[in-house]
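The values are calculated or read from the model by the stated rules, or taken from the named source; none is laboratory data. No experiment lies behind these values; they were computed from the predicted model shown. Counting neighbours? That spans all protein chains shown, and the Cβs are built from the backbone with ideal geometry, glycine included.
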Amino acid sequence: MTFTKFSRTHSFSALRVFCFSISLLGCLSVSQAQNQGQPRAQPQPQIPPAIAQPAAATTPTSFTRLENLGSQIFKDQALSEPRGTSCNDCHSASSGFASNNGSRIGVAQGSTPQSIGGRNAMSNAYTSFTPKFQFRVTAEDVDPVGGIFWDGRADTAELQALGPLLNKLEMNNKDAASVVRKISAAPYAQMFKDEFGSQIFNNPTLAFQKIGVAIAAFERTSALQPFSSKYDQFIQGKTKLTPQESNGMKVFMDVNKGNCASCHLMNPNSAKPSDSLFTDFAFYATGIPRNMAIPRNANPSFFDLGLCGPDRTKPALTSNVPANISIEKFCGTFRMTSLRNTAERKAWMHNGFFKDLRDVVSFYATRNSDPKRWYGPKATPNDLPTAYVGNIINDRVPFNRPASAGPALTEREIDDVVAFLKTLSDAQAQPQGQGQPPLVGVRNNPFGN
């Protein structure tokens, strides 16, 4: 979970804070109106500048052929080398669409026991709302925004879906042609030809590209974008939050307490779930502690710099970025994920350091007041080189709080925020028998788990 902003000037951030102060008042007014039996007001949604939001996914009565094909490819364990690992094994609904194929160290295991990646699996739910990578500039506030993967290196879900198939630490295929050969021998091979042409397997390069097209089509269905959480039912007036959940939302939105909603954008006054995506898609450095269980972190000189590598080259700054800004100012930043389904995950943050959601909230509340708890005796951030430690945010709530002021949240407030975050879990992402009824229109559990 991320509350931070990068830039040292905060004209845009101040606007956000103002907007969410108004949003909080509106939220409380809505609650009062409900108690008095008055209709819920529906103000215009708050949308980050320069990001065009696609329409919300609708619930299909059945998948199209392309979506069904993508579903079968997504859960096919024969597509790894050796076989046994599918896309679904790192993106299962039961783990908030972000699991690690049985790994318990916070980052994903690939198709062999010794294949341990460097990052936590990122949720692939609600990805159709993610804009392409760009630099958003508002006045003097500069933010890298968008793209898929923690470092934003893939502009589309079609491109992202192909990456793990060839990554030696993930599905470990030698090349695109070897993946296509497996698809051509799969039970759904005829469906693939029906969709893309009878001669498609004669062109492995094109066929490999179409694999990404099929998977992305499935990921855009309501199977991964159901908007079926308790929060969604709440904003639609179908249920009420408990007092603890309601107070957690209040703390979450309070610009002087959690200040979470200034980056995890939400609009509880809108009955449209896609107006509450709980992310602004921007990149942040929050000072997450180093996960020493990651094999590559055993080298003390290695650092994962996110936007600056090692899994991508540093992106070129675009012409809208002021000349006094260098790309090095974004090294160590990672793209914020949506908080939807966050309570179902097994590990949190890019390096999977946290294994309990309450610890994530506690970190934000106590990073300044109790740094030894997170960084050890030196009490200083330990997962960035000295040159980039200054990129870690420290000039906005809750990270601008002096250590002498104590934690930003009480233990009870931490518990309340966690309770609210649990309302963001979609029905099919929760254990059977809990949460809301299963989503209508998605047939026969497309994840196969």
Fill in: Residue under evaluation Thr239, criteria (1) farther than 29 Å from Ala108 by Cβ; (2) in contact (Cβ under 8 Å) with a residue 60 or more places away in the chain; (3) over 25 Å from the mean Cα position of the chain (by Cα), criterion not met
(2)
Discussion item. Can you list residue pairs whose Cβ atoms sit under 8 Å apart, with the first residue in the stretch 257-273 being farther than 18 Å from Gln225 by Cα and the second being basic (Lys, Arg)? Count only pairs 6 or more apart in sequence or on different chains.
Written reply: Asn259/Arg396; Ser262/Lys5; Ser262/Arg16; Ser262/Arg396; Cys263/Lys5; Cys263/Arg16; Asn269/Arg40
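Of these, Thr127, Thr85, which one is of a type in the set (Ser, Thr, Tyr), surrounded by 20 or more Cβ atoms within 10 Å (Cβ to Cβ), farther than 22 Å from Ser425 by Cβ and not assigned by TED's automatic domain parsing to the domain that holds Ser274? Steps first, please.
Details: Thr127 fails: farther than 22 Å from Ser425 by Cβ.
That would be Thr85, the only listed residue that is of a type in the set (Ser, Thr, Tyr), surrounded by 20 or more Cβ atoms within 10 Å (Cβ to Cβ), farther than 22 Å from Ser425 by Cβ and not assigned by TED's automatic domain parsing to the domain that holds Ser274.
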Worksheet item: If we scan the stretch 182-201, do we find a residue that is buried (at least 19 other Cβ atoms within 10 Å of the Cβ) and under 18 Å from His91 (Cα atoms)?
Response: no
Worksheet item: Taking the stretch 360-378 only, how many residues are in contact with a strand residue (DSSP E or B) (Cβ under 8 Å, 6 or more places away or on another chain) and charged (D, E, K, R)?
Response: 0
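Sort out which residues of the stretch 160-199 are among the polar types (S, T, N, Q) and touching a residue at least 12 places away in the same chain (Cβ under 8 Å), and write them in order of number.
So in the stretch 160-199, the residues among the polar types (S, T, N, Q) come out as 160, 167, 172-173, 178, 184, 190, 198-199.
Result: Gln160, Asn167, Asn172, Asn173, Ser178, Ser184.
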Worksheet item: From the set of residues in the stretch 230-266 that are of a type in the set (Ser, Thr, Tyr) and part of a loop (DSSP other than H, G, I, E, B), which is farthest from Val417 (Cα to Cα)?
Response: Thr239
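If only one of Val418, Val360 is over 22 Å from Cys308 (Cβ atoms) and surrounded by 22 or more Cβ atoms within 10 Å (Cβ to Cβ), which one is it? Steps first, please.
Numbers: Val418 fails: surrounded by 22 or more Cβ atoms within 10 Å (Cβ to Cβ).
After ruling out the rest, the residue left standing is Val360.
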Practice prompt. For Arg153, state whether it is of a type outside the set (Val, Ile, Thr) and closer than 18 Å to Arg312 by Cα.
Written response: yes
Discussion item. Yes or no: the stretch 207-214 includes at least one residue that is among the polar types (S, T, N, Q), at pLDDT 95 or above, more than 24 Å from the chain's Cα centre (by Cα) and part of a loop (DSSP other than H, G, I, E, B).
Written reply: no
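Of all residues being part of a loop (DSSP other than H, G, I, E, B) and charged (D, E, K, R) in the stretch 377-423, which is nearest to Ser229 (Cα to Cα)? Just the residue, please.
Applying the first criterion (part of a loop (DSSP other than H, G, I, E, B)) to the stretch 377-423 yields 377-385, 392-402, 406-410, 423.
The next check asks that each one be charged (D, E, K, R); those that pass are 378, 383, 395-396, 401.
Values: Lys378: 41, Asp383: 34, Asp395: 33, Arg396: 30, Arg401: 33 Å.
Result: Arg396.
Listed here are the residues, each with its yes/no results for (1) hydrophobic (A, V, I, L, M, F, W, C); (2) part of a loop (DSSP other than H, G, I, E, B).
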| site | (1), (2) |
| --- | --- |
| Asp311 | no, yes |
| Glu328 | no, no |
| Thr337 | no, yes |
| Arg340 | no, yes |
| Ala343 | yes, no |
Practice prompt. Can you confirm whether the stretch 339-347 contains a residue that is modelled with pLDDT of 95 or more, of a type outside the set (Lys, Arg) and surrounded by fewer than 21 Cβ atoms within 10 Å (Cβ to Cβ)?
Written response: yes
Discussion item. Which of the numbered conditions does Tyr388 fail, given that it passes all the others? Conditions: (1) hydroxyl-bearing (Ser, Thr, Tyr); (2) surrounded by fewer than 19 Cβ atoms within 10 Å (Cβ to Cβ); (3) touching an Asp or Glu at 6+ places or on another chain (Cβ under 8 Å).
Written reply: (2)
Worksheet item: Which residues, taken from the stretch 380-406, are free of Cβ contacts under 8 Å to residues at least 60 places away in the same chain and either farther than 24 Å from Glu328 by Cα or under 21 Å from the mean Cα position of the chain (by Cα) (or both)?
Response: Arg401, Pro402, Ala403, Ser404, Ala405, Gly406
